[in-house]
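Q: Encoded as C-alpha cells, here's the structure I'll be asking about.
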Amino acid sequence: MLDVTGLNAGYGETQVLYGLSVSAKPGRVLAILGRNGAGKSTTLKTIMGLLPAQAGEIRFDGKAISGAKPYDIARAGIAYVPETRDIFPSLTVRENLELAARRFPCADGGWTMERVLDLFPRLGERMENGGMELSGGEQQMLAIARALLMNPRLLILDEPTEGLAPIIVKLIHDKLQELRNDGLPMIIVEQNFGFATSLADDVVIVSKGQIVWTGSAAEIRADEDAQHRWLGV
Amino acid sequence: MTHDLGFWTLQTLNALQLSMLLFLLSIGLTVIFGLMHFVNLAHGALYALGAYFAATIASTAGFWVALLVAPLGVAVVGMALYGGLISRMRKSGPMAQVLVTFGLIFVLLDLSRIFWGDLALAINTPAALSGRVDIMGTGYPAYRLFIIALGVAIFAALALILSRTQIGAMIRAGVDNDAMAACMGINVERLFFIVFCVGCALAGLAGAVAAPLLSVTPGMGLEILIPTLIVIVIGGLGSLKGAIAGSLIYGFVQTFGAVLLPGVASILIYALLAAVLLLKPVGLFPAKG
Ligand SMILES: Nc1ncnc2c1ncn2[C@@H]1O[C@H](COP(=O)(O)OP(=O)(O)O)[C@@H](O)[C@H]1O
Ligand SMILES: [Mg+2]
C-alpha cells in the first residue's frame, strides 16, 4: 500500500538515504529496524513530506505522494507519531485530541473520542491537563490516540517505546497488538527488538541509508547472524 | 501635581490609550512571527496606510465608515503582499526577510507620498466622541476612552477566539509546532494567510483610530515600528498575553516616565528592554515556554 523506491533524502547538503526501497502491505505491520543514525527517522520524515525527496518515488495506494506537503499526506490517510511525540504544549489533552477528531470525522466504525478513551482510559482522566503536564507514557498514548482519531489507513510510529518504563511498554505493545488484530496497517520504527518483532509481520533493516535485510519477523528472530551484524543484538 | 488624583487618573488613561494602540499593532506582528517565523518590518507601514485610508475615506464617507473600511483596505494590501512577496520568502531565512520587508517600508512610504503628498493630513474626531467625559473630576477626551475600550474589546475577542474556538486551537498548535500541525491535516499555509490578513487589518485599524489623534504623515509607520518591536520583545514572541503585557508596560513606562522623570524618559524604555533581554531573553510571556 506504501511503496518507496530508490529514495534519496537528507538534510540540506547532508544526504542520509541512498536509494532506499521499502514497501508496507495492506493489513500488515512493517518493522523498520537498524542502529542509531541509520536513517530510520529520516525515512519516515521523508514519507510524511517533512523532508524533500531528492530522488526516487513514494507511492501510497498507487498514487505518487513524493513532493506532496505533510498536509496532503495526512489527508491522504497517513497518520504519524513522531519520535518526539510532539504533543502541542499550549493545548490541553482534550484540544490535542479534538484537533484530529474535528478534521477527520469518522465513517462507520471509525475512531471516535469515546473509542480512543476506551483504548487509553488514562487519557480520560487527564483531559483538561496541558499537553506538557503528562508523563512520557501518557504523552505517547496521547500521540497514538491523536493519530488514530485521524482515522488513518496507515499508521506510522517512530520509536513508540523510547524512554518508557517497562510496564508502559507492555501496555503500548498490547494496544498496538489490538490495532494490528483489527487490521490497521502500521510501520513501526524501533530499537526494542523484542517489541518490534512480536508486533511485526514484515521486517526490514536499514543501515547507512539503505535496506540491508528484508524478511519476516520469524526469520529475523531466527537469524542471529543478521541480528548481530546489523543490530548489535 | 503628583499628589493630585486627577493627575494620576489622566496619566493612567493616557498610558492605557497608548498601550491599546500599541497592542493593536503588536498582536498582529507577534502572532505572525510566532506562527510563520516571519519578521515583517513593514507592519508599521501598514499602520500608516490604515491612517491614510481612514483620512481619505473619512473626508467623504465619514469616520465610522472609514474605521470599518480602512482595516479591510489594509487587509487587501496585506493579501497582495502575501501573494506577491511573503509566501515566496517563507523559507528564505530571517536576514533576507528583514531586508526585504525593511525595503518594503520605503516602497510603501514613497507610494503614500505619491498618492497623498508630503503634507500631513488631518482627520476630525467623530462628532459623537468629540466631547469630554468626566472621570473622577477630570475631563478626559471621549475619543481616547473609545480607543481604550476598542483595544480592550479586541483583546477580549482575540482571547476568546484563541482559547475557545477550533481555529484558536489550530493557531496555538501552529505556533507550538507547525510541522506537526501540518502532519495532523491542518492546512498551515491557509492558516498563515488568514492570520497574516487579520494582523494586517488590525494594524490598519490601529492606524485608522490613531489618525484623529495625530497628523497623518508618511513617516508615521517608521515612528511606530520601534515601539512595536520593543513591545513584542519585552512581551515575548507569539503570544497574546505577551502582546498585551508588553503594550501595557511600554504605555505606562513611556507615559509616566515622560511626566515623572522627564530627564531620563527617553532612555527608560530602552533600559527596561535591556533588562528584560538580560534577565529573560525570550521575553515575559513567550508562546514557547
Ligand atoms: N536535523 C538534522 N540535520 C542534519 N542531520 C541530521 C538531522 N537529523 C538527523 N540527522 C543525521 O541523519 C542521520 C540519520 O538520522 P536518523 O534518520 O534520525 O537516524 P535513526 O535511524 O536513528 O532514526 C544521522 O547521521 C543524523 O546525524
Ligand atoms: Mg530515529
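What follows is calculated from the coordinates using simple rules that are stated; it is not laboratory data. Everything quoted here is computed from the prediction, not taken from an experiment. Every residue, glycine among them, receives a Cβ derived from its backbone with ideal geometry; neighbour counts consider all protein chains shown.
Q: Specify which residue in the list B:96, B:5, B:194 is farthest towards the positive end of the charge dipole of the stretch B:5-279, using unit charges on the beta carbon of Lys, Arg (+1) and Asp, Glu (-1), about the Cα centre.
A: Of the listed residues, the answer is B:194.
Q: Nearest-5 percent of antiparallel DSSP beta bridges in the protein assembly as shown?
A: The antiparallel proportion sits near 65 percent.
Q: Using 20 Å as the Cα-Cα cut-off, could you pick out the over-long pairs in A:63/A:208; A:45/B:91; A:175/B:288?
A: Violating the 20 Å limit, Cα to Cα: A:63/A:208; A:175/B:288.
Q: Taking the number of other C-beta atoms within 10 Å as the exposure measure, put B:222, B:81, B:5, B:24 in order starting with the fewest.
A: B:5, B:222, B:81, B:24
Q: Run down the aspartates and glutamates and flag those whose C-alpha is under 16 Å from the C-alpha of residue A:170, throwing out any fewer than 8 positions away in its chain.
A: A:138, A:159, A:162, A:178, A:190
Q: Moving on to the next point. Going by C-beta contacts inside 10 Å, put B:110, A:201 in order with the fewest on the left.
A: Placing the least packed residue first, the sequence is B:110, A:201.
Q: Further question: Check residue A:187: other-chain or 5+ apart residues with amide H under 5 Å from its amide H, H built from backbone geometry?
A: Those lying under 5 Å, H to H, from residue A:187 are A:30, A:155, A:156, A:157.
Q: Only helices at least 24 Å long along their axis, Cα-based, and averaging -1.0 or more on Kyte-Doolittle count here, so list those DSSP H runs from chain B.
A: Those that clear 24 Å and a mean of -1.0 are B:5-36, B:43-61, B:63-81, B:93-116, B:142-164, B:188-210, B:240-260.
Q: Would you mind ranking A:125, A:95, A:162 so that the residue whose beta carbon has the fewest other beta carbons within 10 Å leads the list?
A: Ascending number of Cβ neighbours within 10 Å: A:125, A:162, A:95.
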